[in-house]
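These notes concern the structure reproduced below.
The values are calculated or read from the model by the stated rules, or taken from the named source; none is laboratory data. Just so you know, these numbers come straight off a predicted model, no measurement behind them. Neighbour counts are summed over all protein chains in view; Cβ atoms, including those assigned to glycine, are modelled from backbone coordinates with ideal geometry. Just so you know, the surface numbers come from the protein's heavy atoms only, side chains and all, with ligands and any DNA or RNA stripped out. Shrake-Rupley method; radii C 1.70, N 1.55, O 1.52, S 1.80 Å.
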Amino acid sequence: MKSETLGTSTSEVEVTQISKHGVWLLLQEKEHFLSFENFPWFKDASVSAIQNVELLNEHHLYWPDLDVDLAAESVEHPKQFPLIAR
């Protein structure tokens, strides 16, 4: 038996996996890894809080349960956005 994907994803952003090293985020059909080293706000957060992510516009991500705002560009290019505050 062969599984097929039915329909298309309606979400522009989705957490696809959480590991002990970080979070995998599907953002506008591209998958990105958010390491806990670069994105420490997620390290001790609950799974449900991490999964509750919103794409407010094509350039802005928001996790309301964690009160974390990120520019989509910082997810795509974390080395260009060094962590300033912890």
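Gain in length, Q80 to H21, computed as 0.36 nm per residue apart minus the alpha-carbon separation, to one decimal in nm?
Here the answer is 19.2 nm.
Loop only by DSSP, 15 or fewer other Cβ within 10 Å of the Cβ. Give me the GluC sites (Glu not before Pro) in segment 22-86 that pass, ordered by residue number. Don't skip to the end; give the middle numbers.
Details: sites: E29, E31, E37, E54, E58, E73, E76; in loops: E29, E37, E58.
Filter output for segment 22-86: E29, E37, E58.
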How far apart, in nm, are the 7 Å Cα→Cβ label points at E14 and A49? 2.4
Name the residues whose placed amide hydrogens come within less than 5 Å of the amide hydrogen of G22, ignoring near sequence neighbours (fewer than 5 apart) on the same chain. F36
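Computing the accessible area with a 1.4 Å probe over protein heavy atoms, can you report the carbon and sulfur percentage for segment 12-83?
Details: 2090 of 4570 Å².
That fraction is 46 percent.
Within the set of other residues whose C-beta is less than 14 Å from the C-beta of E58, count the net charge using Lys and Arg as +1 and Asp and Glu as -1. Present the calculation step by step, with values, prior to reporting the outcome.
On the way: positive: K30; negative: E12, E29, E54, E73, E76.
Surrounding charge for E58 is -4.
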